[in-house]
Structure formats: C-alpha cells, structure tokens
1. What are the residues in segment 1-17 that are of a type in the set (Lys, Arg) and assigned to a helix (DSSP H, G or I), if any?
2. Tally time: how many residues in segment 41-50 are farther than 22 Å from ILE28 by Cα, open to solvent by less than 70 Å² (accessible area, probe 1.4 Å) and not small (Gly, Ala, Ser)?
3. List every residue pair whose Cβ atoms lie under 8 Å apart, where the two residues are 6 or more positions apart in sequence or sit on different chains, the first residue falls within segment 55-79 and is within 30 Å of THR13 (Cα to Cα), and the second residue, located anywhere, is open to solvent by 100 Å² or more (accessible area, probe 1.4 Å) and modelled with pLDDT under 75.
4. If I ask for residues that are polar (S, T, N, Q) and in a helix (DSSP H, G or I), which ones from segment 29-79 would you list?
5. Among the numbered criteria (1) open to solvent by 60 Å² or more (accessible area, probe 1.4 Å); (2) over 30 Å from TRP20 (Cα atoms), which one does ASN75 miss?
Amino acid sequence: MKKSDFTFILGVTLIAGIIWIAVELLMIKLQFPRHFYIIWRISVVVVTCAITVWHGFKEEDESVKARQEKYNRKNRRNK
C-alpha cells in the first residue's frame, strides 16, 4: 500500500466519522425514530467502503496505464 492510499483512506475515514457524529447528534436532538439510526449507520459504512474501493480501482487503472505507456515507449525505441 502506498503512502497516498493510506492518507486517502485515513482522510475518508475521518471525514465519515465527523459527519456520522454530527448527524447522530442532530438525530438525537430532533428525536428521530430508532430505524433512522440503523439506516444512517448502514449507509455511512456502505458509502465509505464504496468510495475507498472506487479510489483503489482508479489508482490501479492509472498504474496499469503508466506501465503500458512505458512498455510501448520501450518497444518503439527498439524497433
């Protein structure tokens, strides 16, 4: 795992935690029914995981493209 990946995951987790706490406090103050809490918690976890997986695939795609370009440059030079 690269340092940038770790930094991204840590940042997403911190932002999700802050948003989670803020909305939980808001729901307590406004006295939402219990099922809203469950739905909120599940949605925060799912969205955080989805963003992290999307970022991982995006990074992987960029590194594959860079390796392909390097390979193509080497082959053009050798011909």
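The values are calculated or read from the model by the stated rules, or taken from the named source; none is laboratory data. Everything numeric in this text was worked out from a predicted model, so none of it was measured. So basically every Cβ, Gly included, is an ideal-geometry build from the backbone, and we count neighbours across all protein chains shown. Each accessible area value is taken on the protein alone, full model and side chains, heavy atoms only, with ligands, DNA and RNA left out. Shrake-Rupley method; radii C 1.70, N 1.55, O 1.52, S 1.80 Å.
1. Pass one, segment 1-17, residues of a type in the set (Lys, Arg): 2-3.
The one that is of a type in the set (Lys, Arg) and assigned to a helix (DSSP H, G or I): LYS3.
2. Looking only at that region, the number is 1.
3. Taking only residues 6 or more apart or on different chains, the pairs are GLU59/LYS2.
4. Just the residues of segment 29-79 that are polar (S, T, N, Q), to begin with: 31, 43, 48, 52, 63, 68, 72, 75, 78.
Those that are polar (S, T, N, Q) and in a helix (DSSP H, G or I): SER43, THR48, THR52, SER63, GLN68, ASN72, ASN75, ASN78.
5. ASN75 satisfies all of (1) open to solvent by 60 Å² or more (accessible area, probe 1.4 Å); (2) over 30 Å from TRP20 (Cα atoms) except (1).
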